[in-house]
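Colleague: What follows is a structure written as structure tokens; I'll ask about it next.
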């Protein structure tokens, strides 16, 4: 059977930076380590005045097409995943296609376009849609572009404010991919939840403690479901485990939960028994409360063991490198984690073809998906072609007052009584230029 997966990937960061320990923390009266060690974040990316989810997505897609030598006729599908959409009817994919048509000969008239929404898991769902479209033989030899793009803003003063971020990931889904082949096996954990939502509002309503519990519960269910079709997971089966990363501190909790689940009734649990005992079994306790207390105690000890720390440092920690520098990108988050893992493999000069990633996606509301991806022969050149380091290095470092202005300018419903000057000069990119006669957003390409 022909392999289908991600042939190429591009990343576009917002062009502004907020330094969390040195700019954000002093304004909040916080110890900088609350962010660097607690949340696991150092900087956040933000869009300049002329940037938004369309420009970031279109710029990532253009670089992807240019690098792969593609024309509009090569693309049969454009899907956008976002939870930052500004229109309840017209999909962001049409805006992005319109931008691209300004710079290429030909058009995307015969390309299917859509927009996916399920909080942060929508990016993975859009990849699944493209995969299924190709597998069904409906692509007529063409590839799909999936763009995950978000400006993840919180209301000023919200506990989630420090985790903000803005950026886009564009992925080319095709047969015989260069980067990773997607597995047929998937696991899901899904339930109607109200942990994080935006009922006709830009900024989320969040129950922080509940959201973390829901994230962990859905991940556990998805892992169990994945094992029901793919077989029991062995620790040595996967080189890296990229998780949805709203902030690295959340991943630390999810990874520990996953590890406890995977080692249960294995020699790994046996090896730890002399050090911290065996995992509690529910039948050994009189009630659920006592069992859960024992589990918490066991996990507190598990995370300090050399066995767990070695696995975490090898398989999970390398997936967090970019997230620490850019913050939460919602639908792009797990795809940024994948890139971080592959960048780590490149830096280590790993012989990586045929290795497997276990990818764990999540979206509030709530659903988790787990699937495997096999690294393909062209992975090294694809990852080496990324320019994300240059983008991050060239970001404009915001002062606190400038950050407040940036936040204001990107609030959809805020009617500013003043002009805010751009912080950087656009060059070779799509930019937002204002509104049209029906209140649609307008874009141009700046040479």
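The values are calculated or read from the model by the stated rules, or taken from the named source; none is laboratory data. It should be emphasised that the depicted structure is a prediction, and the values quoted were computed from it without experimental measurement. Glycine also receives a Cβ, built like all others from the backbone with ideal geometry; neighbour counts cover every protein chain displayed.
Colleague: Would you call residue 85 closer than 16 Å to residue 168 by Cβ, in contact with a strand residue (DSSP E or B) (Cβ under 7 Å, 6 or more places away or on another chain) and free of Cβ contacts under 8 Å to residues at least 24 places away in the same chain?
Modeller: Against the criterion (closer than 16 Å to residue 168 by Cβ, in contact with a strand residue (DSSP E or B) (Cβ under 7 Å, 6 or more places away or on another chain) and free of Cβ contacts under 8 Å to residues at least 24 places away in the same chain), residue 85 does not qualify.
Colleague: A further question follows. Got at least one residue in segment 162-171 being farther than 19 Å from residue 116 by Cα, part of a helix (DSSP H, G or I) and in contact (Cβ under 8 Å) with a residue 40 or more places away in the chain?
Modeller: There is at least one residue in segment 162-171 that is farther than 19 Å from residue 116 by Cα, part of a helix (DSSP H, G or I) and in contact (Cβ under 8 Å) with a residue 40 or more places away in the chain.
Colleague: For the subset of segment 88-102 comprising residues that are without any contact (Cβ under 8 Å) to a residue 60 or more places away in the chain and either assigned to a helix (DSSP H, G or I) or in contact with a strand residue (DSSP E or B) (Cβ under 7 Å, 6 or more places away or on another chain) (or both), which member is farthest from residue 148 (Cα to Cα)?
Modeller: Result: 101.
Colleague: Can you confirm whether residue 70 is at pLDDT 95 or above, farther than 21 Å from residue 246 by Cα and either in a helix (DSSP H, G or I) or out of contact with any strand residue (DSSP E or B) (no Cβ under 7 Å at 6 or more places or on another chain) (or both)?
Modeller: Considered against the rule, which asks whether it is at pLDDT 95 or above, farther than 21 Å from residue 246 by Cα and either in a helix (DSSP H, G or I) or out of contact with any strand residue (DSSP E or B) (no Cβ under 7 Å at 6 or more places or on another chain) (or both), residue 70 comes out as yes.
Colleague: Select from segment 306-327 the residues that are within 20 Å of residue 258 (Cβ to Cβ) and surrounded by 15 or more Cβ atoms within 10 Å (Cβ to Cβ) and list them in ascending order.
Modeller: Selection gives 307, 308, 311, 312, 315, 316, 317, 318, 319, 320, 321, 323.
Colleague: Now for a different question. Taking the condition part of a helix (DSSP H, G or I), more than 26 Å from residue 400 (Cα to Cα), within 17 Å of the chain's Cα centre (by Cα) and in contact (Cβ under 8 Å) with a residue 60 or more places away in the chain, does residue 8 pass?
Modeller: no
Colleague: Applying the selection to segment 202-253, what residues are in contact with a helix residue (DSSP H, G or I) (Cβ under 7 Å, 6 or more places away or on another chain), closer than 30 Å to residue 86 by Cβ and outside any helix (DSSP H, G or I)?
Modeller: 242, 243, 244, 245, 246, 247
Colleague: What number of residues within segment 161-170 satisfy the criterion of being surrounded by fewer than 22 Cβ atoms within 10 Å (Cβ to Cβ) and either at positive phi or in contact with a strand residue (DSSP E or B) (Cβ under 6 Å, 6 or more places away or on another chain) (or both)?
Modeller: The total comes to 0.
Colleague: Could you grab the pairs with beta carbons closer than 7 Å, sequence gap of 6+ or different chains, first residue in segment 288-302 and touching a residue at least 24 places away in the same chain (Cβ under 8 Å) and on the phi > 0 side of the Ramachandran plot, second one surrounded by 13 or more Cβ atoms within 10 Å (Cβ to Cβ) and not in a helix (DSSP H, G or I)?
Modeller: Hits for this filter: zero, empty list.
Colleague: Let me ask you something else. Any residue in segment 133-156 that is farther than 30 Å from residue 30 by Cα, modelled with pLDDT of 95 or more, in a helix (DSSP H, G or I) and touching a helix residue (DSSP H, G or I) at 6+ places or on another chain (Cβ under 7 Å)?
Modeller: Checked segment 133-156: no residue is farther than 30 Å from residue 30 by Cα, modelled with pLDDT of 95 or more, in a helix (DSSP H, G or I) and touching a helix residue (DSSP H, G or I) at 6+ places or on another chain (Cβ under 7 Å).
Colleague: Separate question: Only one residue in 127, 80 is at pLDDT 95 or above and in a strand (DSSP E or B), so which one is that?
Modeller: Residue meeting the stated conditions: 80.
Colleague: Could you list, in sequence order, the residues of segment 15-48 that are surrounded by fewer than 22 Cβ atoms within 10 Å (Cβ to Cβ), under 23 Å from the mean Cα position of the chain (by Cα) and part of a loop (DSSP other than H, G, I, E, B)?
Modeller: 40, 42
Colleague: Output the residue which, of all residues in segment 264-287 that are in a helix (DSSP H, G or I) and free of Cβ contacts under 8 Å to residues at least 12 places away in the same chain, is surrounded by the most Cβ atoms within 10 Å (Cβ to Cβ).
Modeller: 269
Colleague: Test each condition in (1) under 20 Å from residue 77 (Cα atoms); (2) under 21 Å from the mean Cα position of the chain (by Cα) for residue 106 and report the one that comes out false.
Modeller: Failed condition: (2).
Colleague: Follow-up. Give the number of residues within segment 185-201 that are surrounded by fewer than 18 Cβ atoms within 10 Å (Cβ to Cβ), at pLDDT below 95 and touching a strand residue (DSSP E or B) at 6+ places or on another chain (Cβ under 9 Å).
Modeller: The total comes to 4.
Colleague: List the pairs whose first member sits in segment 33-47 and is at negative phi and free of Cβ contacts under 8 Å to residues at least 40 places away in the same chain, whose second member is assigned to a loop (DSSP other than H, G, I, E, B) and surrounded by fewer than 21 Cβ atoms within 10 Å (Cβ to Cβ), and whose Cβ atoms are under 8 Å apart, counting only residues at least 6 apart or on separate chains?
Modeller: Hits for this filter: 36/42.
Colleague: Here's another thing I want to ask about it. What are the residues in segment 418-447 that are out of contact with any helix residue (DSSP H, G or I) (no Cβ under 8 Å at 6 or more places or on another chain), closer than 14 Å to residue 406 by Cβ and surrounded by 12 or more Cβ atoms within 10 Å (Cβ to Cβ), if any?
Modeller: 422, 424
Colleague: Could you say which residue among 50, 104 is in contact with a helix residue (DSSP H, G or I) (Cβ under 6 Å, 6 or more places away or on another chain) and over 27 Å from residue 340 (Cα atoms)?
Modeller: Of 50, 104, the one residue that is in contact with a helix residue (DSSP H, G or I) (Cβ under 6 Å, 6 or more places away or on another chain) and over 27 Å from residue 340 (Cα atoms) is 104.
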